[in-house]
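S.K.: Right, I'll just put the structure down here and ask away after.
The values are calculated or read from the model by the stated rules, or taken from the named source; none is laboratory data. If you're wondering where the values come from, they're calculated on a predicted model, not measured in any experiment. Glycine gets a Cβ as well: all are built from the backbone with ideal geometry, and neighbour counts include every protein chain shown. We work out accessible area using only protein heavy atoms, side chains counted, and drop any ligands, DNA or RNA first. Shrake-Rupley method; radii C 1.70, N 1.55, O 1.52, S 1.80 Å.
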Amino acid sequence: MLIQRSLCRSLSFHRAITQMTTASLAHNSIIRPHSSFPIYSRRFFSLIPQSLPFPLSTPPFGSFAATGKESKQPIAALLQVGGVNITKDDVVRENDPANNVPDAIFSKLGMQLHRRDSHPIGILKNAIYEYFDSNYSGKFVKFDDLSPIVSVKANFDDVLVPADHVSRSNNDTYYIDSQTVLRCHTSAHQAELLKTGHSHFLVTGDVYRRDSIDSTHYPVFHQMEGVRVFCSDEWVDSGLDGTSYAAMDLKKSLEGLAQKLFGDVEMRWIDTYFPFTNPSFELEIFFQEKWMEVLGCGVTEQEILERNGKIHSVAWAFGLGLERLAMVLFDIPDIRLFWSTDQRFTSQFSEGKLGIKFKPFSKYPPCYKDMSFWISDSFTENNLCEVVRGIAGDLVEEVRLIDNFTNKKGMTSHCYRIAYRSMERSLTDEEINQLQGDVREAVQSKLKVILR
């Protein structure tokens, strides 16, 4: 009976996803002032409308107010996605062995930082929109409210990610069930948009990946993807084949975007690999005395186009990480700050003001705690970071391996240094010791390691 109830719930959930996909495409068929597109990066990864389940002023996760006191708010138990209610139990399923979505990740669903016009992520998104609107007037349809809940097929198969690729593992991806994930990249919407007739579009959204803990990595971040499709009569008179024509147009478009964002900078193109484009490139700029990757891109694989009704066509696609660029443009030193509701952070930014330099409002010292243990065969660092983040939340700044060795019996020991630091207040010894004690207990019980 329990299995039957679980199966019914799963089938209902998948029906809801299908219904919302159809509704999303109809809802987004008109260009709207604030919408967007997906990303590619060295760790490449990707339709359902999603409304905000709570006011922007009341986030569903613990935050630190300017008073310096921690104010925890309850995690929302219900989201409305495309008119369909999605409960926490639909996303965080303790009894489903495939599910690995923690409460902290569920709490980020619906936050949509990219839709806040006075937030650094939203400011950057709108600046990119302005570039495409001014250079391709009326061509690019924008999507920025597509649900991050997608099928495994959309997230991986439709963009030709190999069946044995590491990105499909539950060590890297958040699985709701064996056939449903939180999108790893906005490219998860590419096939459906092509299939429904779109030929020029931008998609922006929050994406989810299990990752390490440091100042530049966070399990939730934001991407934008752009796609442009060409019909054969658009390149026939150019003297170039379709692939060469698309690559030329792609580079011209993205060099213009880089100039829009960073000014007159030196650029270079690096050949690379993505499963969904060929040829594939990364654009780098020389900025602040060093080369910096801006985005990944390429000419879309013909198989993707042909599967989705784009016969005798070529296309280009690009993807960029908004946090990566916003940290540079706004001088934001820690990725956790994007989620801060402290007015000392939020009040520094204004709609349409790209590149305002962030002024640090605190320099609270970090507190370091070391933890050593004998690892098991199933141990992974991503799993460790999930456990630590689940206990300490955004109070953990970094988890770093500082020592490891294997003894004569073949047992391997790891020693990790955990840095705790609030961006908004001083932490007391008492609460740090309590956090570290809880972390040690959880690591031992959940990861099956032996503490030293």
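S.K.: Take the solvent-accessible surface of the protein heavy atoms, probe 1.4 Å, and return the percent of it on region 197-315 that carbon and sulfur atoms account for.
M.R.: Carbon-and-sulfur percentage of accessible area, whole number: 46.
S.K.: Counting only residues 5 or more places away or on other chains, whose amide H sits under 5 Å from the amide H of G298 once H atoms are built in the peptide plane?
M.R.: F281, A317
S.K.: Would you kindly state how much longer the chain becomes between K448 and T87 on full extension, computed as 0.36 nm times their sequence separation minus their alpha carbon distance, in nm to one decimal?
M.R.: 126.9 nm
S.K.: For a bin width of 5 Å, list the pair-distance distribution of region 400-442 built from all Cα-Cα distances, rounded to whole %.
M.R.: Once binned at 5 Å, the Cα pair distances of region 400-442 give 5, 16, 19, 20, 17, 11, 7, 4, 2, 0.
S.K.: Tally Lys and Arg at +1 and Asp and Glu at -1 over the other residues with C-beta under 14 Å from the C-beta of S238: what net charge comes out? Can you show the working numbers first?
M.R.: On the way: positive: K252; negative: D233, E234, D237, D241, D249.
Around S238, the surrounding residues sum to -4.
S.K.: Return the ratio Rg/(2.2 N^0.38 Å) for region 266-340, where Rg is computed over Cα atoms only. Walk me through the numbers before you get to the answer.
M.R.: Working: Rg = 16.0 Å, N = 75, 2.2 N^0.38 = 11.3 Å.
Compactness ratio reported: 1.41.
S.K.: Based on the inverse mean of 1/r over its pairs of different Cα atoms, what is the Kirkwood hydrodynamic radius of region 88-177, in Å?
M.R.: Mean inverse Cα-Cα distance, inverted, gives 15.9 Å.
S.K.: Return a whole-number percent for the relative contact order of region 354-423, with Cα pairs under 8 Å and 6 or more residues apart as the contact set.
M.R.: 45 percent
S.K.: Across bins of 10 angstrom width beginning at 0, how are the C-alpha pair distances of region 223-312 distributed, in whole percent?
M.R.: 15, 44, 30, 10, 1
S.K.: If you don't mind, another one. More than 18 angstrom separation, counting every C-alpha pair in region 323-452; what % is that?
M.R.: For region 323-452, the share of Cα pairs beyond 18 Å comes to 60 percent.
S.K.: Tell me, what ³J(HN,Hα) does each residue in region 416-423 have, in order and in whole Hz, if you take phi through Karplus 6.51 cos²θ - 1.76 cosθ + 1.60 with θ = phi - 60° and put x for Gly and Pro?
M.R.: These are the phi-based 3J(HN,Hα) values: 10, 9, 9, 9, 9, 6, 8, 7 Hz.
S.K.: Separate question: So how do 161-173, 217-229, 399-411 stack up, highest first, on mean other-Cβ count within 10 Å? Each step should come with its number before you reach the end.
M.R.: Working: 161-173: 14.9, 217-229: 24.0, 399-411: 10.7.
Descending mean neighbour count gives 217-229, 161-173, 399-411.
S.K.: Moving on to the next point. Rounded to a whole number, what is D in µm²/s for region 210-270 from Stokes-Einstein with the Kirkwood radius over alpha-carbon pairs (10 °C, 1.306 mPa s)?
M.R.: 107 µm²/s
S.K.: Another question, then. Using the alpha carbon gyration tensor of region 161-258, what are the three equivalent-ellipsoid semi-axes (square root of 5 times each eigenvalue), largest first, in whole Å?
M.R.: Sorted largest first and rounded, they come to 32, 17, 13 Å.
S.K.: Another question, then. So for L240, L435, L295, what's the accessible-area order with a 1.4 Å probe, most first?
M.R.: Ranking L240, L435, L295 by accessible area, largest first, yields L240, L435, L295.
S.K.: Excluding ligands, DNA and RNA, what is the solvent-accessible area per residue of region 146-303 at a probe of 1.4 Å, expressed in Å²?
M.R.: Details: 5670 Å² over 158 residues.
That works out to 36 Å² per residue.
S.K.: Want the number for R440 to H312: 0.36 nm per residue separation, take away the alpha-carbon distance, what's left?
M.R.: Once the chain is fully extended between R440 and H312, it gains 40.2 nm.
S.K.: OK, next. So how do K195, K359 rank on accessible area, 1.4 Å probe, biggest first, that is with the largest at the start? Let's see the in-between values first.
M.R.: Working: K195 115, K359 145 Å².
These residues rank, largest area first, as K359, K195.
S.K.: Still on this model: For the charge dipole of region 132-273, defined by +1 on Lys and Arg C-beta atoms and -1 on Asp and Glu C-beta atoms about the Cα centroid, which residue among T272, I149, S215 has the Cα displaced farthest towards the positive pole?
M.R.: Result: I149, furthest along the dipole toward the positive end.
S.K.: Please work out the C-alpha center-to-center distance from region 148-220 to region 377-397 and express it in whole Å.
M.R.: Between the Cα centre of region 148-220 and that of region 377-397, the gap is 21 Å.
S.K.: Also: How large a share of the accessible area of region 80-183, in percent, is made up of carbon and sulfur atoms when the probe is 1.4 Å and the other protein chains stay in place?
M.R.: 45 percent
S.K.: Another one. What are the extents of the Cα atoms of region 176-222 along their three principal axes, listed from largest to smallest and rounded to whole Å?
M.R.: Sorted from largest, the Cα extents of region 176-222 read 40, 27, 10 Å.
S.K.: Quick one: go through region 164-201 and flag any residue whose amide nitrogen is under 15 Å from the point 7 Å out along the Cα-to-Cβ line of C231.
M.R.: 197-200
S.K.: If you don't mind, another one. Bin by bin, in steps of 5 Å, what percent of the Cα pairs in region 130-211 do you find, going until the bin that has the longest distance?
M.R.: That works out to 3, 14, 23, 22, 15, 10, 7, 4, 1, in percent per bin.
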